[in-house]
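Colleague: Let me give you the structure first, and then I'll get to my questions.
The values are calculated or read from the model by the stated rules, or taken from the named source; none is laboratory data. Here the structure is a predicted model, which is why all the values come from computation and not from measurement. A quick note on method: Cβ atoms are made from the backbone with ideal geometry, for glycine too, and the neighbour counts reach across all protein chains shown. To get the accessible areas, we keep the full protein, side chains included, count just its heavy atoms, and leave off ligands, DNA and RNA. Shrake-Rupley method; radii C 1.70, N 1.55, O 1.52, S 1.80 Å.
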Amino acid sequence: MTASSAPTRAELLRSRRLLARVGKGASLLRRKREALVHELFPLARPATEARRAIADAATDAYQAELEALALHGEDGVAATGWPPRELAIDVTVQRVWGVTVPRLGPPPAWARGLAARGTAPEPTGPAQFEAANRFERLAAELLDAASRELHVRSLGAALARTSRQLHTLEHKVAPALRDRIAAIGRALDEREREEHTRLRQLRRRRA
């Protein structure tokens, strides 16, 4: 619809139909927003607790690393990171009201002993072993929270986008259509009055 559209009955009907579609779209967006809030709300507290657990695990891990560095030096601590390993994680995708939400599969086992790390017991002191264990627990916390964090961020972005769309329909598109319908109605009424006036004048001249 444009401002220069002719104020005709066809345009009036078209604007009314468009306003009805806007109303249905706004209703659908409200339902979508409620569903997203219902899906997001239970995840808020666990996500906050997961971030707190990650912060605590990181503090413990770096404190243990500082103790290991003080006892064995940088080269000795770096040696405990070998050999590197690869861990595969399954990723699935869910859809919530058209929103794509990634899901990570069950996390692999992170904790390893000396035999699994391939390091000799004698050169590897307790401080190095404890630091490695703390960082593996930190990695497990990060991976466990990653799926929940991705879920929360995807739903949060979708919720913000839906709210903006609903606001646009309710506060911009719908009022503009109502104003347009009112303007067309006034123009048609004025045109009808003018037509009646001309008809009366014609009757008087013929009489």
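Colleague: Expected output is a single nm value to one decimal: the length gained when fully extending between Thr168 and Ala140, i.e. 0.36 nm times separation in residues minus the C-alpha distance. What is it?
Modeller: Here the segment from Thr168 to Ala140 would lengthen by 5.8 nm.
Colleague: Can you give me the % of accessible surface on the chain that is carbon or sulfur? Probe 1.4 Å, all protein chains present, nothing else counted.
Modeller: The value for the chain is 56 percent carbon and sulfur by accessible area.
Colleague: Next question. Please determine, in degrees from 0 to 90 and to the nearest 10, the orientation of helix 174-206 with respect to the longest principal axis defined by the Cα atoms of the chain, where the helix direction is its Cα long axis.
Modeller: Orientation of helix 174-206: about 10 degrees from the principal axis.
Colleague: Helix 9-79 versus the longest principal axis of the chain: what is the Cα-based angle in degrees, 0 to 90, to the nearest 10?
Modeller: Long axis of 9-79 versus the principal axis of the chain: about 10 degrees.
Colleague: Right, another one. Under unit Cβ charges (Lys, Arg +1; Asp, Glu -1), what dipole magnitude, rounded to 20 debye, does the chain have relative to its Cα centre? Working shown, then result.
Modeller: On the way: 36 positive and 25 negative charges, 744 e Å.
My answer is approximately 3580 debye.
Colleague: For every other residue with a beta carbon closer than 10 angstrom to the beta carbon of Pro106, add +1 if it is Lys or Arg and -1 if Asp or Glu, then tell me the sum.
Modeller: -2
Colleague: Hey, another quick one. Expressed as an acute angle from 0 to 90° and rounded to the nearest 10, what is the orientation of the C-alpha long axis of helix 126-168 relative to the principal long axis of the chain?
Modeller: In the chain, helix 126-168 runs at an angle near 0 degrees to the longest axis.
Colleague: How high is the FRET efficiency from Gln94 to Ala20, r the C-beta distance, R0 30 Å, rounded to 0.05?
Modeller: 0.35
Colleague: From the Cα trace of the chain, what convex hull volume per residue do you get, rounded to a whole Å³?
Modeller: 156 Å³
Colleague: 5 Å is the cut-off here: which amide hydrogens, built 1.01 Å from N in the peptide plane, fall below it relative to Arg103, excluding neighbours closer than 5 in sequence?
Modeller: Amide H neighbours of Arg103: Thr92, Val93, Gln94.
Colleague: Continuing with this model, one more query. Can you tell me how much longer the chain between Glu195 and Arg85 gets when fully stretched, taken as 0.36 nm per residue apart minus their C-alpha distance, in nm with one decimal?
Modeller: Result for the pair: 30.9 nm of gain on full extension.
Colleague: Continuing with the same structure: What does segment 160-207 give for Rg and for Dmax, in Å, if only its C-alpha atoms count?
Modeller: So, for segment 160-207, Rg and Dmax equal 20.5, 69 Å respectively.
Colleague: Arg9 to Arg30: FRET efficiency via 1/(1 + (r/R0)^6), r the Cβ-Cβ distance, R0 45 Å, to the nearest 0.05? Show your work: numbers first, answer last.
Modeller: Values: r = 32 Å, r/R0 = 0.70.
The computed FRET efficiency comes out at 0.90.
Colleague: At a Förster radius of 45 Å, what calculated FRET efficiency corresponds to the Cβ-Cβ distance of Glu74 and Val37, to the nearest 0.05?
Modeller: 0.35
Colleague: Need one number: nm distance between label points at Ala176 and Asp56, each 7 Å from Cα along Cα→Cβ, rounded to one decimal.
Modeller: 5.3 nm
Colleague: Taking a probe of 1.4 Å, how large is the accessible area per residue of the chain, in Å²?
Modeller: 68 Å²
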